[in-house]
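Everything on this sheet refers to the single structure shown next.
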Amino acid sequence: MLYLILFGAPGSGKGTQSDLLVEKYKLTHLSTGDLLRKEIASGSELGKTINEYISNGNLIPDEMMISMLSAHIDNTPATAGFILDGFPRTVAQAEALQNMLEQREGAQTQLVDLEVDKDELISRLLKRGETSGRSDDNLETIQKRLEVYETKTKPVNDYYKAKGLHACIDGMGTIDEIFQRIVKALEGKI
Ligand code: AMP
């Protein structure tokens, strides 16, 4: 079973490309951002805590995120594999995922890193903010999220590079051009 990690900065197109990959490969899309936003929408106490982190552009603590993700994977009906969109976002999360998958027979991991220029990321996120209604798609929070990406999330690349499970994709261009690049990188791996 494949665990495809769709990786990249906020605004790099992970969600958009996930939709296309789900259609082509019949994988289950698992977006931690979506899971968290659902919890917020439920109005729970946990949701209120999560909202504080997200609105400030900070990451949810690793332990909370890891237990939410593993519970969700366990509760998903049989599937050909998963697209992990927005997870792992720290090296500690990557290590926890690796430990979890080592206990699952036949689990394979592949990371696809969407590389996009910073100016393009900001302009995509500001554009999305006009319609998304997301509390974190405003300039101040976007800048904080990009800073958090650089310091906490980007090092996850090296973790997978060291394992030979990393593919770098040029994330600039049209949605279809980028999709074709991902499909090419996945040839023989899926
Ligand atoms: P996203 O929808 O992937 O852009 O995620 C939106 C926000 O949810 C992020 O800015 C974080 O605050 C939080 N979040 C999503 N995934 C994670 C994760 N794996 N670890 C910690 N926080 C996360």
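The values are calculated or read from the model by the stated rules, or taken from the named source; none is laboratory data. The shown structure was predicted, so the numbers you read here are calculated from the model rather than taken from an experiment. When the accessible area is computed, the model is the full protein with side chains, heavy atoms only, and any ligands, DNA or RNA have been set aside. Shrake-Rupley method; radii C 1.70, N 1.55, O 1.52, S 1.80 Å.
What is the gain in length, in nm to one decimal, between Lys163 and Glu115 on full extension, counting 0.36 nm per residue of separation less the C-alpha to C-alpha distance?
Full extension of this stretch gives 15.3 nm more.
Indicate the gyration tensor shape class of the stretch 24-63 (rounded, prolate or oblate), computed on the Cα atoms with a ≥ b ≥ c the square roots of the eigenvalues: a/c under 1.5 is rounded; otherwise a/b larger than b/c is prolate and the rest oblate. Don't skip to the answer; put the middle values down first.
Values: a/c = 2.75, a/b = 1.85, b/c = 1.49.
Because a/c hits 1.5 or more and a/b exceeds b/c, the stretch 24-63 counts as prolate.
Per residue, how much accessible surface does the chain expose to a 1.4 Å probe? Answer in Å², no decimals.
Details: 9780 Å² over 190 residues.
Result: 51 Å² per residue.
Pop out the ³J(HN,Hα) list for the stretch 136-146 in order, Karplus 6.51 cos²θ - 1.76 cosθ + 1.60 with θ = phi - 60°, rounded to Hz; leave Gly and Pro as x.
Using θ = phi - 60°, the values come out as 10, 9, 10, 3, 4, 5, 4, 4, 5, 4, 5 Hz.
In this model, which of Lys127/Lys189; Lys163/Lys184; Lys127/Lys163 are farther than 32 Å apart at the alpha-carbon?
Lys127/Lys189; Lys127/Lys163
Along the stretch 168-179, what does the Karplus equation 6.51 cos²θ - 1.76 cosθ + 1.60 (θ = phi - 60°) give for ³J(HN,Hα), rounded to whole Hz, x for Gly and Pro?
9, 10, 6, x, 9, x, 7, 4, 5, 4, 5, 4
First compute the accessible area of the stretch 2-186 with a 1.4 Å probe, then give the percent of it belonging to carbon and sulfur atoms. If you can, show how the numbers build up before the last one.
Working: 4530 of 9310 Å².
Using a 1.4 Å probe with all protein chains present, the stretch 2-186 comes out at 49 percent carbon and sulfur.
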